[in-house]
Structures are given as structure tokens and as C-alpha cells.
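Here is the structure we will look at, set down as C-alpha cells.
The values are calculated or read from the model by the stated rules, or taken from the named source; none is laboratory data. As the structure is a prediction and not an experimental result, all values here were calculated from the model. Here the Cβ positions follow ideal geometry from the backbone for every residue, glycine too, while neighbour counts run over all protein chains shown.
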Amino acid sequence: MFFPKLRRQAKWVFIFLALSFAVGFVVFGVGSGGGAGLGDLLQGGGGGSSGPSVSDAQGKIKKGDLVAYKELADAYRQDGKVDQAISAGEQYLKVRPNDYDYMRTVAGDYEGRASRQRDQATVIQDEVTSSTGGTTFAPPGNSLLGRALQPGKIDTELQTSANQKLTQLYAGLQGSYARATQLYQQLAAHTPNDVLLQLLLANAALQSRNNPVALKAYRKVIKLSPDSAEAAQARQEIQYLKSQQPSG
């Protein structure tokens, strides 16, 4: 079949994406509608019509008010421009590196972007799965074009295109969660007894395949609140991580 051939050509990409989809379904509610990440939920799922404007914030920045990068990030986020919001938010954190509240917002932006990247990968997989190899797309074998094209050539081109897109999404997805992990680590160092923050750190680290950081944070969750729902989730994820470790 068409899809298995693609999976063999990009096995490492699909292994990561499969892990990301599986964990994301539990942790971030993938498949529950809309593709919103946990960062989106923490931020209220988007802004309204009021708030700062991009042009106003840019004007302040041109005048030397670098703190206005925060306004710029908020304006971009309000407009649904996540990448620009992240860029502006990072600039603001350079100016105000101890604004931990906003650091949490930027970390949520990265998680939101990762969620959307995961959704994009799902769309690509669905499109590939719905294809039927050369049957649907190949021209009649007795036509000039059919004789010119070798069997499966169009399938190969589709596979190559899908592989390239998935590889890009893999890199972006992992990078988004890796940066979110770094930000959550800074936050956790500042507020070490925040159970929810430890869980956010653990989940982001798990998604970025930073298992040592994830395990440490999950164990901290259990230590801080052993009888909580967060601790129950942490125990479940620890068992999952242990099951992924090579035996022997």
C-alpha cells in the first residue's frame, strides 16, 4: 500500500510523531476538537477585539520603548499570529528576564504552536492515507504520458513531498517543546513548589523527548502532592517512560 511505503521511507519521523500524537491526546486533548494546546487553555483560548495594536506597539519600540515588545506580542497573539507573538515575546523577555508571569505566557505560546504543528502533521497523514497509490493519479498506461512515466513515479513524488513536510514539522514540533521546557525550567527554579508548574515542565519535557527532565519533574509532582490528580497522572507517565527504556 501507499502509506506503509511512506512510513518505511521516513520511519524515524513517524516514530516521533506517533509518540507525540499518543502523549498529546492524553496531555493536551488532541482530537477533542479545535486542536487547542494546554498553553491555549491557560491563556483563555484567544483574545477578544480589544487590546494593543501591532502598529501602536511597533511605534513605541521605534521610539526606544523596548518594554513595548510585550504589547507587540499580545497584539500578534490577539490576531492569531503565533510565530510573531513568540518572536516578540522572546524580545520582551530579554528586556525583562524576571517577568515570570509573562515567561509562562510565552511557554504557553510555544505549546500552542506545537499543537498546531501536530495538527498539520495529522492532516498530511490523513491525506496520504486517503491516497491509493498510482491507481488514482496515474494516467492510462496506453497513453503517451502513461508510457513516459514509470509506474509509481507520481506515488514517489507524493511520498517525497510528504516526507519533507513531516520532517520540517518534526523539527519544529520538537523545537517548540524544547524551548517550552527551558522556560518552564526557569519558572520551576523560581517557584519550586508549584505542582501545576512541575506538571507543565514534565509534560513539555516528555514531548521534547527530554526524558530525564520529565522524570525528575513527575517525581517532584508526586512528592509535592502525592494524593492529587496531578500525582496520579505523573505516576502513569513514569510507568510509560519506564516501559520505553531498553531492557537489559
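Which of (1) outside any loop (DSSP other than H, G, I, E, B); (2) more than 23 Å from Glu90 (Cα to Cα) does Gln198 not meet, given it meets every other one?
(2)
Going by the conditions given, is Asn142 at pLDDT 85 or above, of a type outside the set (D, E, K, R) and not in a helix (DSSP H, G or I)? Walk me through it before giving the result.
Details: at pLDDT 85 or above: no; of a type outside the set (D, E, K, R): yes; not in a helix (DSSP H, G or I): yes.
Criteria not met by Asn142.
What residue, among those in segment 195-248 that are modelled with pLDDT of 95 or more, within 23 Å of Ala178 (Cβ to Cβ) and more than 23 Å from the chain's Cα centre (by Cα), is surrounded by the most Cβ atoms within 10 Å (Cβ to Cβ)?
Within segment 195-248, the match that is surrounded by the most Cβ atoms within 10 Å (Cβ to Cβ) is Lys220.
Which condition number does Leu199 fail, the rest of (1) in contact with an Asp or Glu (Cβ under 8 Å, 6 or more places away or on another chain); (2) farther than 27 Å from Pro97 by Cβ; (3) not small (Gly, Ala, Ser) being met?
Going through the list (1) in contact with an Asp or Glu (Cβ under 8 Å, 6 or more places away or on another chain); (2) farther than 27 Å from Pro97 by Cβ; (3) not small (Gly, Ala, Ser), Leu199 breaks only (2).
Check Ala188 against each of (1) more than 20 Å from Gly89 (Cβ to Cβ); (2) surrounded by 15 or more Cβ atoms within 10 Å (Cβ to Cβ) and name the one condition it does not meet.
Unmet condition: (1).
Residues of segment 61-90 being among the hydroxyl-bearing types (Ser, Thr, Tyr) and out of contact with any helix residue (DSSP H, G or I) (no Cβ under 7 Å at 6 or more places or on another chain), which ones? I'd like the intermediate steps shown before the answer.
Restricting attention to segment 61-90, the residues satisfying the condition of being among the hydroxyl-bearing types (Ser, Thr, Tyr) are 69, 76, 87.
Matches in segment 61-90: Ser87 only.
Within segment 63-82, can one find any residue that is under 23 Å from the mean Cα position of the chain (by Cα), buried (at least 21 other Cβ atoms within 10 Å of the Cβ) and free of Cβ contacts under 8 Å to residues at least 24 places away in the same chain?
Checked segment 63-82: at least one residue is under 23 Å from the mean Cα position of the chain (by Cα), buried (at least 21 other Cβ atoms within 10 Å of the Cβ) and free of Cβ contacts under 8 Å to residues at least 24 places away in the same chain.
Sort out which residues of segment 168-195 are among the hydroxyl-bearing types (Ser, Thr, Tyr) and outside any loop (DSSP other than H, G, I, E, B), and write them in order of number. Give the steps one after another, and end with the answer.
Step one: of segment 168-195, the residues among the hydroxyl-bearing types (Ser, Thr, Tyr) are 170, 176-177, 181, 184, 191.
Listed by number, the residues that qualify are Tyr170, Ser176, Tyr177, Thr181, Tyr184.
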